[in-house]
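One structure is given below, encoded as structure tokens.
The values are calculated or read from the model by the stated rules, or taken from the named source; none is laboratory data. Nothing here was measured: the structure is a model prediction, and the numbers come from that model. Virtual Cβ from ideal backbone geometry, glycine too; neighbours counted across all protein chains shown.
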Amino acid sequence: MSSTSKPVAQTWFGPITAVQRRAMFALLPVAVAFGLVVGLAFLPMASGFGGLAKVGSETVLELPDELVLPPAPESSTLYASDGTTVIATFGDQYRVQLEYDQIPETTIEALVATEDSNFFEHNGVDPEGVMRALVTNIADGSTSEGASTITMQYVRQVLSYTATTPAEVAAASEVTIDRKVKEMGYALALEEEMSKEDILTNYLNTVYFGNGAYGIGAAAQVYFGKVPADLTVDESAMLVGLIQSPSTYDPINGSSEAAKVRRDHVLNRMVAVGYLTSAEGREAKSEDLNLNPQRANNTSGGAIDSDYGFFVDYFEKWWEQQADFGQTEAERTARLFRGGYEIVSTLDVALQDAAQEAVEKQLATGSEFALGSVVVEPGTGAIQAMAVNRNYSNDVSGNGPNTSGDGKGSYPNTTNPLLSGNSAVHGYQAGSSFKMFTMLAALEAGMPLDTTIYSPYQYTSKYVVGDGSASCGNYWCPKNASASAVGDYNMWTGFGSSVNTYFVQLAERVGVEHSIDVAQRLGIQFRNPDDLNFASKTPETYGPFVLGVTQTTPLDMAAAYAALPADGVYCKPNPAVSAVTGTGGQIAFESECNQAISVEVARAAVDAARCPTGYGASKSSCSGTAPQVGAAVDGPVAGKTGTTDSNSTNWFVGFTPNAAVAAFVADPDGPQNYVGKSNLGKPANASADILAAQWELNGEGDFTPPTELVH
């Protein structure tokens, strides 16, 4: 019995199997889309474009300017307040821009032979390549083969480079028919606007070669330590081979054998298309890779590469929070690293250098104890200096031991934001410098500066704290620093001599919750969860807050105290003044300020704060705990010292009429560790030198005495 079989469909490339037939129907939309564009590709270059706009979408031929004039991602530059001193650059790419005649002919031949052998014949879309890809995709049942010409690859990489979010980058290279058709349309239109030479030049100036090198100029330097003109045939072939997958064929950090195999493939292609003879190809393949790796001259370090790293780090974090630069932090960072901004910061280089010198004079870099300071301008919040005896670096290989356990410590190198804090770095207990907030709360409640309270050496308060060294029958009972500090005190003398029992009683009268409220209005943040829990849930019982058990940062304290000489106007810390965008637009960064406390309350507090420095109040006689500050500054100066009960930290926070400084000393690895008596007073000493330098550089003005809240 005979049988018959169904005829097998035939094509010019062979019979079609059942699997291939199903794939063809599944990929019919692909074939239609490719076919439309291929048809256009066969048309003369001067015609046929009217219909292309209807392929896929109406916007296919709305050619973006950046495709013709590629906006190679530009680094942004951060300047000091003088507008000329560069303190940091931000960028994620190293590139060297070349002209066409600076690119070796062998590099161009290697590229064309490997990526697009019909480059000089087609008009952006290669019909042969499209048909070949269509057949392959039908056979595979996928869209893996893309038929991308060099022009199409160039379109894709520019769209990727101009993206500002990870989602936009992915969209620029996603494997979809819509994206491919649009890419073809752009390529056809682009070749109407640009010469083949310009397309090759732009492509080779922007494509990524791995190891931080963008463009053939950077790649020649990174891999061979050469300028492109000196590349040999085999070197050009190796570099072109990297384009397909820089990580797979990375000869520096990956497999040199894989790189050599890929290089030889490129050389074989050059022989196949006639750029090299067989003998020349064999000779080139016999060469070793002969690498001479060089570090990419990236500017991606930002803070890492800056001598002012702690300030620059704060600036970067601040930029990430500016909503005008994008919807997400990633988008804002991308704009900073790619947008070519020229940014003028608030950093006063002369004052910064003076602050760093003052800090190092007291405690050199290399000490396990951190001594740092921040200077903020009253009335603007401008951060003028951030100095600490640490190097801003993530290389801790040479650091000393961690004082609170195993591993490396944070000295001399660290990237921890010791001066500004974050969710992991909560700051340090500020001690008696927090007494300012209770004094302000009392003044707001109408209590005058001459409010007199008998203050014993030790006082049993109404605040329940449980068992502990400062507990008397479960009630908090702090002592004064000196047993001789007993008697009647008012705000001038109590603040000047830092009498603990005076301020605890003052807090009981005004309510410690009001002290906390004042502190928050002046920008004090509660980063430590325990501090936040007390301050937000039971503020009226958080008695120890008065004496500074809350962890805080120098930046918060400098900004808070800066409100006093500014007549009660608090300004959020601000690291930038202005910027010029990559397209020439002007941006002015406005200060975020508000009247946090009244003018008279601020002036009264300033009068009392003159006592600790020895400058003397205008309305009363008093002495202080940091007379060296008044002696050093040739102008009006006020402030407050602060020491914790266990001497784990020591502070000074002070100001002139136009600068506020906060300085501290502590062990960042173990904030509860005793800093030693020899380190007590060093923040005040450093602050004295800083404020003296500030006054000499640009000090002006005077403190306005209070007319109310005195008697």
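When region 545-558 is limited to residues that are over 23 Å from Tyr454 (Cα atoms) and not in a helix (DSSP H, G or I), the one that is farthest from the chain's Cα centre (by Cα) turns out to be Val549. The residue of region 206-236 that is modelled with the lowest pLDDT, among those that are surrounded by fewer than 20 Cβ atoms within 10 Å (Cβ to Cβ) and hydroxyl-bearing (Ser, Thr, Tyr), is Tyr208.
Inside region 102-125, can you point out the residues that are farther than 19 Å from Glu235 by Cβ and not hydrophobic (A, V, I, L, M, F, W, C)? Once the filter is applied, which keeps residues that are farther than 19 Å from Glu235 by Cβ and not hydrophobic (A, V, I, L, M, F, W, C), region 102-125 yields Asp116, Ser117, Asn118, Glu121, His122, Asn123, Gly124.
Residues in region 319-356 that are small (Gly, Ala, Ser) and in contact with a Pro (Cβ under 6 Å, 6 or more places away or on another chain): Ser345 alone. Elements of the type strands (runs of 3 or more DSSP E) sitting completely within region 580-693 and holding at least 2 residues that are farther than 15 Å from Met436 by Cα: these cover 586-588, 593-595, 650-656, 659-666.
Residues in region 337-374 that are part of a loop (DSSP other than H, G, I, E, B) and either within 17 Å of Ala666 (Cβ to Cβ) or of a type in the set (D, E, K, R) (or both): Asp348, Leu363, Ala364, Gly366, Glu368, Phe369. One residue stands out among those in region 82-122 that are at pLDDT below 90 and not basic (Lys, Arg): the one that is surrounded by the fewest Cβ atoms within 10 Å (Cβ to Cβ), which is Gln97. Residues that are more than 14 Å from Gln157 (Cα to Cα) and among the β-branched types (Val, Ile, Thr) within region 181-217 comprise Val181, Ile216, listed in sequence order.
Cβ separations smaller than 7 Å between residues 6+ apart or across chains give the following pairs from region 665-680 residues that are more than 11 Å from Leu363 (Cα to Cα) and without any contact (Cβ under 8 Å) to a residue 40 or more places away in the chain to residues that are of a type in the set (Ser, Thr, Tyr) and surrounded by fewer than 18 Cβ atoms within 10 Å (Cβ to Cβ): Gln672/Ser646; Tyr674/Ser646. The single residue among Thr641, Thr581 that is of a type in the set (Val, Ile, Thr) and at pLDDT below 95 turns out to be Thr581. Of all positions in region 377-398, none carries a residue that is crowded, with 17+ Cβ neighbours inside 10 Å, free of Cβ contacts under 8 Å to residues at least 60 places away in the same chain and of a type in the set (Ser, Thr, Tyr). For Tyr561, the conditions (1) more than 30 Å from Asn474 (Cα to Cα); (2) modelled with pLDDT of 95 or more; (3) part of a loop (DSSP other than H, G, I, E, B) are fulfilled apart from (3). Against the test of being buried (at least 18 other Cβ atoms within 10 Å of the Cβ) and modelled with pLDDT of 95 or more, the options Leu239, Leu190 yield a single qualifying residue, Leu239. Test Leu418 against the criterion of being modelled with pLDDT of 95 or more, farther than 28 Å from Asp82 by Cα and of a type outside the set (D, E, K, R), and give yes or no. The answer is no for Leu418. Within region 626-640, is even one residue in contact with a Cys (Cβ under 9 Å, 6 or more places away or on another chain) and over 22 Å from Lys682 (Cβ atoms)? No: zero hits.
Of all the numbered requirements in (1) out of contact with any helix residue (DSSP H, G or I) (no Cβ under 8 Å at 6 or more places or on another chain); (2) charged (D, E, K, R); (3) surrounded by fewer than 20 Cβ atoms within 10 Å (Cβ to Cβ), Asp634 misses one, and that requirement is (1). Do we find a residue being in the same structural domain as Tyr341 (by TED's automatic domain parsing), crowded, with 20+ Cβ neighbours inside 10 Å and modelled with pLDDT of 95 or more anywhere in region 266-282? No. A Cβ distance below 6 Å, combined with a sequence gap of six or more or placement on separate chains, defines the contacts here; from region 520-537, residues that are more than 16 Å from Gly421 (Cα to Cα) reach residues that are among the β-branched types (Val, Ile, Thr) and assigned to a helix (DSSP H, G or I) in the pairs Ala535/Ile516. Among the residues making up region 255-275, those that are aliphatic (A, V, I, L, M) and under 11 Å from Val240 (Cα atoms) are Ala259, Val266, Leu267.
Within region 442-474, the set of residues being farther than 23 Å from Glu540 by Cβ and either of a type in the set (Asp, Glu) or crowded, with 18+ Cβ neighbours inside 10 Å (or both) comprises Leu449, Asp450.
The residues in region 226-263 that are over 24 Å from Thr149 (Cβ atoms), in a helix (DSSP H, G or I) and either among the basic types (Lys, Arg) or without any contact (Cβ under 8 Å) to a residue 40 or more places away in the chain (or both) can be counted, and the count is 7.
Which members of region 506-516 meet the condition of being in contact with a Gly (Cβ under 9 Å, 6 or more places away or on another chain) and surrounded by fewer than 21 Cβ atoms within 10 Å (Cβ to Cβ)? Once the filter is applied, which keeps residues that are in contact with a Gly (Cβ under 9 Å, 6 or more places away or on another chain) and surrounded by fewer than 21 Cβ atoms within 10 Å (Cβ to Cβ), region 506-516 yields only Glu508.
Which is buried (at least 24 other Cβ atoms within 10 Å of the Cβ) and outside the structural domain of Ala80 (by TED's automatic domain parsing), of Ala596, Ala562, Ala535, Ala588? Only one candidate passes the filter, namely Ala562. Summed over region 657-711, the residues that are under 19 Å from Gly548 (Cα atoms), buried (at least 21 other Cβ atoms within 10 Å of the Cβ), under 30 Å from the mean Cα position of the chain (by Cα) and not small (Gly, Ala, Ser) give a count of 6.
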